[in-house]
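What follows draws every value from the coordinates through simple rules; no lab data is involved. Worth saying up front: this structure is predicted, and the values here are computed from it rather than measured. Counting neighbours? That spans all protein chains shown, and the Cβs are built from the backbone with ideal geometry, glycine included.
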């Protein structure tokens, strides 16, 4: 399977969101990654439901929504209505994770779980068969453009091994510091979906940068 590329709109030009979404529509990007931050679970505030709804009106590709918020259970239906195809919650924010995943599926979305850099893959052993996607954070969540944490490569390999042991067809996504140097290492370790924000949007030719990632 070709690697899924999900450019992060956290790094787009907020004054020209429609333009950047339409650029991604025309590119080889597979999904559009949307980071939702509440300023509590992570030390930053990004955009909320109205902005995501606006993105959805212009997007022609699935919205890959990453909730970096406390109490995500209170908003699952809202993000479904706003257009999420994939909805990823943080393991660290969900005391009743199995219930949360069940509800995401009941609403008709694909369900993902994100792990912060300090959280081991082993915490997912009893739920991995229920998941469509696991997102490995290779930076501390909250801000774009951070330096890649090399231990993420080992975590991807451990997650791949766990998925194989459970015979589950899992999407292994990585977010943070993905670029032309780190992407091949992550793919070799077992990642099959990559989130790239500043690497894409700061490039002279974002569409070509996406195409180059697709070739890896």
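Mind checking which of 44, 140, 116 has the largest fluctuation in a GNM of the chain, springs on alpha carbons under 10 Å? Fluctuation is largest for 44. Mean residue ellipticity at 222 nm, helices only, the chain: -9500 deg cm²/dmol; runs of at least 4 DSSP H residues each add -39,500 (n - 2.57), and the sum is divided by the number of residues.
Expressed in nm², what is the orientationally averaged projection area of the convex hull enclosing the Cα positions of the stretch 110-162?
Values: hull surface 15.5 nm².
So the mean shadow area of the Cα hull is 3.9 nm².
Panel values: the stretch 118-216, Kirkwood radius from alpha carbon pairs, Stokes-Einstein at 20 °C and 1.002 mPa s, translational diffusion coefficient 154 µm²/s. Between 75, 91, 199, the GNM of the chain built on Cα springs shorter than 10 angstrom shows 75 fluctuating the most.
At a 10 angstrom cut-off on C-beta neighbours, averaged per residue, how do the peptides 129-135, 47-53, 84-90 rank from highest to lowest? Can you show the working numbers first?
Working: 129-135: 20.3, 47-53: 15.4, 84-90: 24.7.
Order by mean packing, descending: 84-90, 129-135, 47-53.
Averaging Cα coordinates gives a centre for the stretch 178-197 and one for the stretch 95-170; these two points are 15 Å apart. Largest GNM mean-square fluctuation among 74, 114, 93, using the chain with Cα springs under 10 Å: 74.
Potential lengthening of the chain between residue 147 and residue 125 amounts to 5.1 nm, from the contour at 0.36 nm per residue minus the alpha-carbon distance.
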